[in-house]
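The block underneath contains the structure these notes are about, expressed in structure tokens.
The values are calculated or read from the model by the stated rules, or taken from the named source; none is laboratory data. Just so it is clear, the structure is predicted and the values come from calculations on it, not from any experiment. Ideal geometry is used to build each Cβ from the backbone, glycine not excepted, and the neighbour counts take in all protein chains shown. The accessibility values were calculated without ligands, DNA or RNA, using every heavy atom of the protein model including side chains. Shrake-Rupley method; radii C 1.70, N 1.55, O 1.52, S 1.80 Å.
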Amino acid sequence: NGQNDADSTTGSLKVTGLAWGSYTLQEATAPTGYQLDSTTHDITIDAEHTSVALGEVENTQAIPGLVIKKTADPASGTQVTSGQTITYTVTVENTGNVDLTPASIDDNLSDVLDNATYIEGSASATIGGQGVTDPTVDVDGAALHWENELGAGQTAALTYSVKVDDDVTDQDVIANVVTGEGDVPPGVTPPAPNCVPETASENPDCTTHHTPEVQTNPDTPTPTPTNSANPSLPVTGSDAAVIAIVAGLLLIAGSGIVVVARRRRS
């Protein structure tokens, strides 16, 4: 319904007064909430085609989508030991019909790098199996960040590894939370990803956690229990047997004394 549109009906277009020749019609701006139609319509105006009807030209509704999932090897929820390597994988899937320009991921490593060390150079990213820009890891800020264009239907995979510190205890926890978002063309509502700051920590798809298993040294001798009455004397099986025998003899002797005393009274 703008300039040169001879049809006042919303959603309809009519152009009049064209000189004979060849023309193309292509959409320059999509309606709000719809994808741009890049189809080129060829039109010829001549003595045999003084009026040309294109019919309906439909726009596809723009439905963006972004699904994130975080996994680990060893699996989340298992125990790890000092010196062991944990490899994390974050998959970022564009489930909508709109390109994300870009999709971005932030992984909070504050509860990971407290008890583990990032393995330099281990962070990488692929889209459809092809290498793309690697994630950046800020060790001091304990955070991982990645962003890249992600076309409709494409999936990105991010990986990185850490090594469990030698001084971990069984009271420590190695955990992290990943969040993400996606940019879209003007007029399109951004996607609502499953991993957002408000709820990501409660979503198992957005979190991983491990607990250290502190192993004892099998060469360390087990302390020998001592007699509580005399801590310097250990309690052994043979000493207990001797004490039991002596106690029995005393009971027998005492019984004999009682019998003799009774006979004397008689």
Quiz item: Residues of region 81-98 being crowded, with 21+ Cβ neighbours inside 10 Å and either under 26 Å from Gln61 (Cα atoms) or of a type in the set (Gly, Ala, Ser) (or both), which ones?
Solution: Val92, Asn94, Val98
Quiz item: So Ala116 fits all but one of (1) surrounded by 17 or more Cβ atoms within 10 Å (Cβ to Cβ); (2) over 18 Å from Val164 (Cβ atoms); what number is the exception?
Solution: (2)
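For (1) within 21 Å of Ala200 (Cβ to Cβ); (2) modelled with pLDDT of 95 or more; (3) assigned to a loop (DSSP other than H, G, I, E, B), each residue gets a yes or a no:
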position: Glu58; (1), (2), (3): no, no, yes
position: Pro64; (1), (2), (3): yes, yes, yes
position: Ala72; (1), (2), (3): yes, yes, no
position: Ser76; (1), (2), (3): yes, yes, yes
position: Thr89; (1), (2), (3): yes, yes, no
position: Gly96; (1), (2), (3): yes, yes, yes
Quiz item: If only one of Ala175, Ala125 is over 30 Å from Tyr34 (Cα atoms), free of Cβ contacts under 8 Å to residues at least 40 places away in the same chain and part of a strand (DSSP E or B), which one is it?
Solution: Ala125
Quiz item: For region 32-48, does any single residue satisfy the condition of being within 37 Å of the chain's Cα centre (by Cα), assigned to a strand (DSSP E or B) and under 20 Å from Ser201 (Cα atoms)?
Solution: no
Self-check item: Hey, Leu109 buried (at least 19 other Cβ atoms within 10 Å of the Cβ) and over 18 Å from the mean Cα position of the chain (by Cα) or not
Solution: no
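Let's see how each residue does on (1) charged (D, E, K, R); (2) crowded, with 16+ Cβ neighbours inside 10 Å; (3) in a loop (DSSP other than H, G, I, E, B):
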{"residue": "Gly141", "(1), (2), (3)": "no, no, yes"}
{"residue": "Gly153", "(1), (2), (3)": "no, no, yes"}
{"residue": "Val162", "(1), (2), (3)": "no, yes, no"}
{"residue": "Thr169", "(1), (2), (3)": "no, no, yes"}
{"residue": "Pro186", "(1), (2), (3)": "no, no, yes"}
{"residue": "Pro193", "(1), (2), (3)": "no, yes, yes"}
{"residue": "Ser201", "(1), (2), (3)": "no, no, no"}
{"residue": "Asp205", "(1), (2), (3)": "yes, no, no"}
{"residue": "His209", "(1), (2), (3)": "no, yes, no"}
Self-check item: Restricting region 171-184 to residues that are more than 21 Å from Ala125 (Cα to Cα) and either among the hydroxyl-bearing types (Ser, Thr, Tyr) or open to solvent by 50 Å² or more (accessible area, probe 1.4 Å) (or both), the residue that is modelled with the highest pLDDT
Solution: Val173
